[in-house]
Amino acid sequence: MRRFLLATLCIAGMTMQAHAQSFPNWHQNYIPTAKEWQDWWARKLDANGDGSGLKWGNSTLPELMGTKVDASGGQSENQSLATPAIAGGTSVSQKLTSPTITDGAITAASFTCQNTVACVLSTLIQYSPPWAQSVARTLLLRLEDTVSIKDFGAPGDGNIDDTPLIQNAVNALCARAQGKGGTLYFPAGQYNISASVGVSIPCGGVYLRGAGWGWGSGNLANTATSIIATGTGSANLISFDAPVNANDLYWYGGGISDLGIIMNNRGMPSTQTGAAVYIQHCQLCRVHDVEIFYPYVGVEVFSGVHNSIDHVSIKQIALDGVGIWGHGSDSGCSTISNCPTRADVLNVSDGRIDSQLPNATQGAGIGIKLTDFMAAAWIRHTTIEQTNIGVYIACPNSSGIGACPQFIHGDRLEIEVNAMGKQDTSSAILADNFVHLECNSCQLYGFNQPYAIVYLTASRFSGAGHAEFLSGKMEGSYKACLQTFVQDTKVIGGDIIGCGHSGAAADEYGVAIEPSVRGDGADEGSTIINGVNFCLGATPSASTSMSAVYLGSGVGFNVITGNIFRGCTGGVTDASGQSDNVSANNTVFQ
């Protein structure tokens, strides 16, 4: 370019000698800068007086000069360049618009991108990780590893409806030609979702992740990343509801973590009646490290298998609401084993659920609800407080006991129910029409005298209900702490104290074993009670005048042995009329 311009000037000077003076005294190998050419030209004359009389082809000399770039040692300096092509050089302190760089370098440049295709700075900068065996990539590829919701225009200031922006983002993840799904990151901030619209996750493999959550002072939600439900409506706020492929039962993978979800159900009736997080037909979806405030339903899982809700705090659920609801259905299923709407192996662990405080006319909601074809659920290391019912297990719609809750396992649960407003239905565990229930070292308490601490029944199906309670505690009921109407019950170890607060003699028992509520006589199963401490706990005197065990009319095959009746009014009352019940080797302390 430099030699080309020099030749241009020489030819132009020779063709217009009448208006030109001699060239400066530049030696043969010297290449002048553009400024030196301009200073020299300012002293020249031509036919027009401005240099436009000298031409090379169709271009005047000033026009040619405008295309020249100063260079020093291979560097371009102090230029404003439109769509430059830089090959093998260095651009220093430039303003570059839509540059194309080949084997070059950029230093302290100002970039103006006309559009994302023409100019992406990150395509020019190489990212070289410092660790061994690493491979350099462009910054663009490095940035694309995670997608931010702010890439789609969500400011995170809580001032706009972010619903369509979030939907656009998850749609983009699901539209990838390869590697559908991925992580959508929500930086610290507040993002609004309409309670009447919600956001749908239309493919597997999508994970929503925030920057963390916390709880502010004064019972005020204050999270690093907050998703706020706005307005009223019944839409699920975030729905993982991808379609299931033909010849498959589930879609696979997805989740949400490290953020807070704030609903607005602070009173009755609830006005946002969708779930905060809804999952259906998924295998291996996960809700992890999430805090949910004021929901009608915190997390709802319908069908699917091996889904997890762990390290989740669901706070201040609505008085008519549910913390976690797992359910399935056998409707339309030709076989139980291959039913696409069967829910199996729901894992709830290391969490906390609490309710808004009930009042005299309005009781609280339910902590965990497992209904119909919820085949198996594991509930471990979880606390439930101030709800009317802690864990509710029921089967109101399934066609047979084989499509009811099959195996519910609880381990180290702490449930404190509050019976205010709904005493007649209040229990720490209420289970109706189930196959097997097991609770290991479960601490079950009642405030305001719930009807029972554990209430087990089989209102629809005969021969149903096998329950085991290993160690743990039951304390503080209006009637008997454990009331069982099912086929088999085992209580091994632990404490049963403070039962029968009604004051009626028929209610003052730790355990009441009763015939079927269906009115068709007793189920011919058995109850085993062994190694249990009754009546008196850590306090020096019993809180009620309770006896240990009551055997109702017609019940048989019950074994009550090796227990301690400490401070009890009585031991075992047998009103069964059966000869196959055994009560032996129980120790009485007064």
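The values are calculated or read from the model by the stated rules, or taken from the named source; none is laboratory data. Fair warning: this is a prediction, and the values are worked out from it, not measured in the lab. Counting neighbours? That spans all protein chains shown, and the Cβs are built from the backbone with ideal geometry, glycine included. Just the protein is used for accessible areas: all its heavy atoms, side chains included, with ligands, DNA and RNA removed. Shrake-Rupley method; radii C 1.70, N 1.55, O 1.52, S 1.80 Å.
Numbers for the structure displayed
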read-out	value
By accessible area with a 1.4 Å probe, ligands and nucleic acids excluded, highest first: order of S128, S257	S128, S257
Extension gain from V559 to H306, taking 0.36 nm per residue of separation minus the Cα-Cα distance	87.4 nm
Backbone HN-Hα couplings from phi across region 162-167 [Karplus 6.51/-1.76/1.60, Hz, Gly and Pro as x]	8, 3, x, 5, 5, 5
Derived scalar couplings ³J(HN,Hα) [region 374-379; Karplus, 6.51 cos²θ - 1.76 cosθ + 1.60; whole Hz; x for Gly, Pro]	8, 5, 8, 9, 10, 10
Solvent-accessible ranking of L259, L165, largest area first, probe 1.4 Å	L165, L259
In Hz, Karplus ³J(HN,Hα) per residue of region 549-564 (6.51, -1.76, 1.60; θ = phi - 60°; x = Gly, Pro)	9, 10, 9, x, 4, x, 7, x, 6, 10, 10, 10, 9, x, 9, 10
Simple label model, 7 Å out from Cα along Cβ direction - H288 to Q126, nm	3.5 nm
For V559, residues with placed amide H under 5 Å, excluding near neighbours	T527, I528, I529, V582
Mean Cβ neighbour count within 10 Å, used as a protection proxy, ranking 510-516, 476-482 highest first	476-482, 510-516
Simple spin-label estimate for A575 and V135 in nanometres, 7 Å along Cα-Cβ	7.8 nm
Ranked order, V197, V491 - accessible area, probe 1.4 Å, largest first	V197, V491
Spin-label proximity, S200 to region 155-186 - amide N less than 18 Å from point 7 Å beyond Cα toward beta carbon	163-176, 181
For region 136-278: accessible area per residue (Å², 1.4 Å)	44 Å²
Coordinate range along principal axes, alpha carbons of region 427-531, Å, largest first	32, 29, 20
Cβ-Cβ FRET estimate between L357 and R142, R0 fixed at 56 Å, reported to 0.05	0.65
Estimated FRET transfer efficiency (A175, M268; beta-carbon r; R0 45 Å; 0.05)	0.60
Within the accessible area of region 315-358 (1.4 Å probe), percent carbon and sulfur	49 percent
Net lengthening on full extension, T183/V582 (0.36 nm per residue, minus Cα-Cα)	137.6 nm
Inter-site label distance for A224 and I160 at 7 Å from Cα along Cβ, in nm	2.5 nm
Gain on full stretching of the segment that runs from F589 to E468 - 0.36 nm per residue minus C-alpha separation	40.9 nm
Sulfur and carbon atoms: percent of accessible area, region 397-475 [1.4 Å]	46 percent
Heavy-atom surface of region 379-469, accessible at 1.4 Å and reported per residue (Å²)	31 Å²
